[in-house]
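The values are calculated or read from the model by the stated rules, or taken from the named source; none is laboratory data. The model shown is predicted, which means the values in this text are computed figures rather than measured ones. When we count neighbours, we look across all protein chains shown, and the Cβ atoms used for this are built from the backbone with ideal geometry, even at glycine. Protein only, heavy atoms only, side chains kept; ligands, DNA and RNA dropped before computing areas. Shrake-Rupley method; radii C 1.70, N 1.55, O 1.52, S 1.80 Å.
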Amino acid sequence: MFRLGVNIDHVATVRQARYRDAALGEPDPVQAALTCEKAGCYGITAHLREDRRHIQDQDIWKLKEALSIPLNFEMANTTEMVDIASKLLPAAVCLVPEKREELTTEGGLDVAGNLASISETTHRLQDLGIEVSLFIDPDPRQIDASAKATAQAIELHTGAYAEAFPGPDKGDSEIQRLTKVATQGHELGLKVNAGHGLNYENTYRTHEVPHLSELNIGHSIVSRSIAVGMEQAAKEMLKLLIPGSS
Ligand code: PXP
């Protein structure tokens, strides 16, 4: 049984496709987030990218004001974003790597290779009462480094599992890899979350991975909402995560 965090970035992607330079526009990511809240989701994730390709600064502030459920602010480890997070004071920050040319967040954060700077940001945000999570590949080195950086949580990148899932063994070796590192993270006292590439077909296998707390899912829920609406799309995913939910 997991908590569902809905990543609403792609609601803003659709709006930006038409209303890039306008102050307003549709669809509204804040409205979508409120609908997810009503559907019973645990939290909302939004990524303010350096290039502002989807979520805009005003979205983040409106989300913080409007939501009663936790806001997980996804951001790169840059001075600009640390300053915004320090003023915004979201419930949680998830530090992610960011490359301008990538379509979406393609790999995990190299915590082991950037331990000093990630630790410094982690401490700064934690001193303000913000929970810090690090988005990392399911790699034992990165789990150890995340504990050294004193993060409260890790978010395991499930992209490799999602890519392997259509194969004959439905991503067996990736599930084994996730199981190993989730156990390692749990033993080190880290809260273990996961996300990226999870959808209505492949999410069921995450129940095999021990110690998972939150799943952050975006693209598939926003895509499904086009056919059935956001509330129904969120509820259908909740049913897969929390058997017995209505
Ligand atoms: N978690 C993190 C850290 C992400 O960056 C993203 C989006 O790239 C997601 C979860 C959600 O991924 P998806 O949109 O593939 O569900």
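A few remarks follow.
- Taking each DSSP H run with n ≥ 4 as -39500 (n - 2.57) and averaging over every residue of the chain yields -13000 deg cm²/dmol at 222 nm.
- Inverting the pair-averaged 1/r between distinct Cα atoms of the chain gives 18.0 Å as its Kirkwood hydrodynamic radius.
- Inter-part distance, segment 21-83 to segment 114-130, computed on C-alpha centroids, equals 21 Å.
- Annotation for segment 72-142: GluC sites (Glu not before Pro) lying in DSSP loop with at most 10 further Cβ atoms inside 10 Å of their Cβ are 101.
- Charge dipole (debye, nearest 20) of segment 5-151; +1 at Cβ of Lys and Arg, -1 at Cβ of Asp and Glu: 300 debye
- Most positive-pole-ward Cα, 134, 162, 151, against dipole of segment 125-164 from beta carbon charges: 151
- Using θ = phi - 60° and Karplus 6.51 cos²θ - 1.76 cosθ + 1.60, couplings along segment 143-158 (whole Hz; Gly, Pro as x): 5, 4, 5, 5, 5, 5, 6, 6, 5, 7, 9, 10, 10, 6, 6, 9
- Measuring against 18 Å, Cα to Cα, the residue pairs 148/191; 38/235; 99/191; 62/191; 38/239 contain 99/191; 62/191 as the ones spanning a longer distance.
- Mean separation of Cα contacts under 8 Å, 6 or more apart, over the residue count of segment 81-218: relative contact order %: 20 percent
- Per-atom-type breakdown for the chain gives carbon and sulfur 52% of the accessible area (1.4 Å probe, protein chains only).
- Using a 4.7 Å Cβ-Cβ cutoff, the cysteines of the chain lacking any partner cysteine are 94.
- Charge tally in the Cβ shell below 14 Å around residue 22, where Lys, Arg are +1 and Asp, Glu are -1, residue 22 excluded: 0
- Built amide H within the under 5 Å cut-off of residue 191, gap 5+: 153, 154
- 15 Å beta-carbon shell around residue 166, net charge (K/R +1, D/E -1): -3
- Here the relative contact order of the chain, from alpha carbon pairs under 8 Å that lie six or more residues apart, stands at 20 percent.
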